[in-house]
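Chemist: Pasting in a structure now, in structure tokens, and then I'll have a few things to ask.
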Amino acid sequence: MTGALADFGATFRQWRIWYIMAQQDIQLRYRRSLLGPFWLSIAMAVQVLGIGLLYSEILNQPVGQFVLYIAASLLVWGLISGMIAEACNTLVESTPHLHALPIPTPVFAARMVQRNFIIFLHNLIVIAALMAYVGSRPTPALMAFPIGLFVVTVTCYFIAVGLGPLCLRFRDLTQVVVSALQVAFFVTPVIWQRGAGRLSAIFVDANPLYHLLQLIRAPLLGQWPTPLNWIASLAILFAAMLFAVITLAASRRKIFLWL
Amino acid sequence: MAPRITFDHVDLTYPVYGMAGRSLKLALMRQVVGSRVDLGVENVEINALSDISFEIKEGDRLGLIGRNGSGKSTSLRLIARLMFPTRGSVDIEGRVLPLLERGLGINPELTGAENIELPLRLLGATSEEIQRARVDVPEFTELGAFMHMPFRTYSDGMRARLLFGLCTAIEGDIIALDEWLSAGDIEFMERARLRLQGLLARTGIVVLASHSPELIRAICNKVAWMERGRLVAFGDASEVLAAYTNAATHGPQAELSAEPAEAADQG
């Protein structure tokens with residue numbers, strides 16, 4: 001237990017390692033391309049417009065607001081599900097490092113979260129552009145955005161700290177997580193909205209991912225997250241923290257054997 | 001505090017997982033179905049180290065000698081805190097510089113100069129040490145303008161020089177060293193030899209794993225001779241090395257350990 005806490009301390013102190021690694025990950029992905037990470041923003045914009053225009057027709061919604069909703073949804077969902085999916089690979093892809101250097105494993109989780117965080121910031125431009133185009137103005141609810149983003153990012157970091165060693169030990173767990181996320185995309189109100197159709201709201205409120213999603217998405221759309229969103233998200237954060245500490249304490253001395 | 005390494009009755013046993021052993025599905029099925037059903041799960045245990053005890057203090061240069069699978073690398077990894085004993089304890093006082101692998105943290109797309117910080121940070125360098133290395137590494141490697149070219153454009157010799165320069169750019173109380181550092185294309189370079197000697201001389205404890213009695217004789221004052229995870233002999237370098245070379249050439253030990261647990265060295 002003390003070892004696990006020491007690992008978190010070391011990750012905090014050695015922030016430069018994961019900061020540099022994340023930066024290089026992004027550079028490597030977009031090296032020698034003029035727009036760099038903004039390629040992602042363009043891809044995101046195309047996806048948002050496609051889905052937004054199509055579904056506004058299907059679901060009979062006003063185009064401008066609905067496209068904005070889809071943009072915020074996909075952006076935030078991409079952040080959350082991306083971090084959880086990539087969490088599975090954080091240690092597997094770092095095998096050479098773990099083979100020769102005694103680096104605490106939470107460092108690699110931090111690298112992945114930082115990488116996704118930077119990409120998310122690039123994608124925010126799509127939202128800003130859309131808001132300007134639709135003519136919706138920033139509201140005071142936007143103040144909740146950085147807090148929500150912080151809570152969600154930290155939660156995903158702890159999930160990654162736990163999933164990394166588990167996916168290293170059980171190599172088929174990655175497939176389970178990825179499939180679960182695909183199902184989650186449909187049962188979470190990403191494209192549709194809570195309270196739509198005949199679906200009971202309890203079904204939505206029981207979904208942890210919905211609360212994390214709302215914590216960032218609602219402020220972007222000019223709404224405050226509900227008290228239930230906050231309480232549920234903090235409970236999830238606490239559970240993730242517990243999951244991380246327990247997994248780390250149980251795995252930190254065995255990592256080498258699982259490589 | 002003076003650097004010190006203490007191995008106290010260290011045992012290290014670990015399972016080797018095949019494809020099936022790494023499957024969550026099969027692990028769960030075993031829980032449900034029980035062991036009555038053979039799911040084809042190999043359960044091979046490796047006895048990497050058994051009952052290893054020794055102590056080394058400041059000023060000691062310990063050579064680990066033995067064939068593949070004898071437990072040399074495993075001992076180095078225990079010192080580097082990459083592995084942990086199953087029973088017994090490993091006590092280490094002082095900052096360990098683990099030089100077990102080269103080239104970690106190098107990004108081929110970046111220039112030599114840009115490739116200084118991350119590799120050194122991974123080895124545990126502080127900001128001051130990075131600052132010093134920024135001056136020291138270009139000077140040693142004599143890469144000149146190439147320091148500002150991408151690493152991927154380097155020749156093999158230039159790469160070796162940069163990697164060697166990086167590994168020897170920071171200091172520790174304890175160096176855990178696999179033999180590669182003293183071998184390879186840079187061996188002929190007198191300056192590299194002097195740089196390594198200087199680094200080792202400033203280091204409290206050096207632990208070197210090697211197959212080569214000559215290399216160990218040149219550097220070490222103490223030797224641990226290992227076979228199949230056991231300590232055959234530990235003590236004064238010349239005595240143990242004499243016994244080792246004697247046994248290796250015509251002793252019964254050579255026969256005894258004809259089929260060592262290969263996998264123990266590969267981890």
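The values are calculated or read from the model by the stated rules, or taken from the named source; none is laboratory data. This one's a predicted model, so the numbers in the text were calculated from it and none came from an experiment. Every residue, glycine as well, gets a Cβ built from its backbone with ideal geometry; the counts of neighbours run over all protein chains shown. Keep in mind that these areas ignore ligands, DNA and RNA; they rest on the heavy atoms of the full protein, side chains included. Shrake-Rupley method; radii C 1.70, N 1.55, O 1.52, S 1.80 Å.
Chemist: Between B:T141, B:G198, B:L215, whose Cα lies farthest towards the positive end of the dipole of chain B when Lys and Arg beta carbons carry +1 and Asp and Glu beta carbons carry -1, centred on the Cα centre?
Modeler: Checked the options; the winner is B:T141.
Chemist: Follow-up question, since we're still on this one. Rolling a 1.4 angstrom probe over the protein heavy atoms, how many square angstrom per residue are accessible across segment B:1-123?
Modeler: Heavy-atom accessible area per residue stands at 44 Å².
Chemist: Magnitude of the Cβ-charge dipole of chain B, K/R +1 and D/E -1, about the Cα centre, nearest 20 debye?
Modeler: 460
Chemist: Amide H of B:V232: which non-local residues (sequence gap of 5 or more, or other chain) have their own amide H closer than 5 Å, using H built in the peptide plane?
Modeler: B:W225, B:M226, B:E227
Chemist: Still on this structure, please answer the following. By average Cβ neighbour count within 10 Å, what is the ranking of B:197-205, A:100-108 from highest down?
Modeler: Ranking the peptides B:197-205, A:100-108 by packing returns A:100-108, B:197-205.
Chemist: To continue, here is another question. Quick one: which residues, 5 or more positions from B:G88 or on another chain, have an amide H under 5 Å from its amide H? H modelled 1.01 Å from N in the peptide plane, none for Pro or chain starts.
Modeler: B:D11
Chemist: Follow-up question, since we're still on this one. Would segment B:127-218 count as rounded, prolate or oblate if I go by the C-alpha gyration tensor, calling it rounded below 1.5 in a/c and otherwise prolate when a/b exceeds b/c, oblate otherwise?
Modeler: oblate
Chemist: Per the Kirkwood formula on distinct C-alpha pairs, the Rh of segment A:1-45 is how many angstrom?
Modeler: 12.7
Chemist: Please give me the summed charge of the neighbours of B:L24: other residues whose Cβ is under 15 Å from its Cβ, Lys and Arg +1, Asp and Glu -1.
Modeler: +4
Chemist: Across 5 Å bins from the origin, how do the percents of Cα pairs in segment A:81-213 run, short distances first?
Modeler: Distribution as computed: 2, 9, 14, 17, 18, 15, 11, 7, 4, 2, 1, 0 percent.
Chemist: For chain A, what is the Kirkwood estimate of the hydrodynamic radius, computed as the reciprocal of the mean inverse distance between distinct Cα atoms, to one decimal in Å?
Modeler: For chain A, inverting the mean 1/r across all distinct Cα pairs yields 19.4 Å.
Chemist: Most fluctuating residue of B:L143, B:L12, B:L49 in a GNM of chain B with Cα springs under 10 Å: which is it?
Modeler: Ranking B:L143, B:L12, B:L49 by mean-square fluctuation puts B:L143 first.
Chemist: Taking only Cα atoms of segment A:12-98, what ratio of Rg to Rh do you get with Rh as the Kirkwood inverse-distance radius? Before the final figure, lay out the partial values.
Modeler: Working: Rg = 17.5 Å, Rh = 15.6 Å.
Rounded to two decimals, Rg over Rh is 1.12.
Chemist: How many angstrom separate the Cα center of segment B:144-166 from the Cα center of segment B:44-120?
Modeler: Segment B:144-166 and segment B:44-120 have Cα centres separated by 26 Å.
Chemist: In Å², nearest 100, what accessible area do chains A and B bury in total when the solvent probe is 1.4 Å?
Modeler: Working: alone 13450 and 13830 Å², together 24480 Å².
Summing both sides, the interface buries roughly 2800 Å².
Chemist: With springs connecting C-alpha atoms under 10 Å apart, model chain A as a Gaussian network and identify which of A:W18, A:W77, A:W39 has the largest mean-square fluctuation.
Modeler: Answer for the Gaussian network model of chain A: A:W39.
Chemist: Using the basic label-point model (7 angstrom from Cα toward the beta carbon), what is the A:A249 to B:E128 distance in nanometres?
Modeler: With each label point 7 Å from Cα toward Cβ, the separation is 3.6 nm.
Chemist: Considering amide H positions built from the backbone, and no H for Pro or chain starts, which residues 5 or more places from B:T111, or on another chain, come under 5 Å of its amide H?
Modeler: The answer is B:F151.
Chemist: Using r as the Cβ-Cβ distance of B:S155 and B:R202, and R0 as 45 Å, what FRET efficiency do you calculate, to the nearest 0.05? Each step should come with its number before you reach the end.
Modeler: Details: r = 30 Å, r/R0 = 0.68.
Between B:S155 and B:R202 the formula returns 0.90.
Chemist: At B:R81 and A:Q23, where each label point lies 7 Å from the Cα along Cα→Cβ, what is the point-to-point distance in nanometres?
Modeler: 2.6
Chemist: Moving on. Counting only other chains, and only Cβ atoms inside 10 Å, what mean value do you get across the residues of A:94-104?
Modeler: Numbers: counts 1, 0, 4, 4, 1, 6, 13, 12, 9, 6, 0.
Average per residue, whole number: 5.
Chemist: Could you run the Karplus curve 6.51 cos²θ - 1.76 cosθ + 1.60 with θ = phi - 60° over segment A:242-250 and give me ³J(HN,Hα) per residue in whole Hz, x for Gly and Pro?
Modeler: 4, 4, 5, 5, 5, 4, 5, 4, 7
Chemist: Need one number: nm distance between label points at B:A113 and B:H9, each 7 Å from Cα along Cα→Cβ, rounded to one decimal.
Modeler: Spacing of the two 7 Å Cα→Cβ label points: 5.7 nm.
Chemist: Considering the dipole of the protein assembly as shown built from charges on the beta carbon (Lys and Arg +1, Asp and Glu -1) around the Cα centre, which of A:L209, A:L40, A:N89 is farthest to its positive end?
Modeler: A:L209
Chemist: Whole-Hz Karplus ³J(HN,Hα) for segment A:214-222, in order, using 6.51 cos²θ - 1.76 cosθ + 1.60 and θ = phi - 60°, x for Gly and Pro?
Modeler: 5, 4, 9, 5, 4, x, 5, 9, x
Chemist: So, one more: Short version: ³J(HN,Hα) in whole Hz for each residue of segment A:53-65, in order, from phi by Karplus 6.51 cos²θ - 1.76 cosθ + 1.60 (θ = phi - 60°), x for Gly and Pro, what are they?
Modeler: 5, 4, 6, 5, 6, 4, 8, 6, 10, x, 4, x, 4
Chemist: According to the Kirkwood expression over distinct Cα-Cα pairs, how big is the hydrodynamic radius of segment B:10-165, in Å?
Modeler: Result for segment B:10-165 stands at 19.6 Å.
Chemist: Let me ask something additional. Based on the Kirkwood radius over alpha-carbon pairs, what is the Stokes-Einstein translational diffusion coefficient of the protein assembly as shown at 25 °C with 0.890 mPa s viscosity, in µm²/s?
Modeler: 94
Chemist: Shifting gears a bit: Express in nm, to one decimal, how much length is gained between A:H99 and A:L35 on full extension, taking 0.36 nm for each residue of separation and deducting their alpha carbon distance.
Modeler: 19.5 nm
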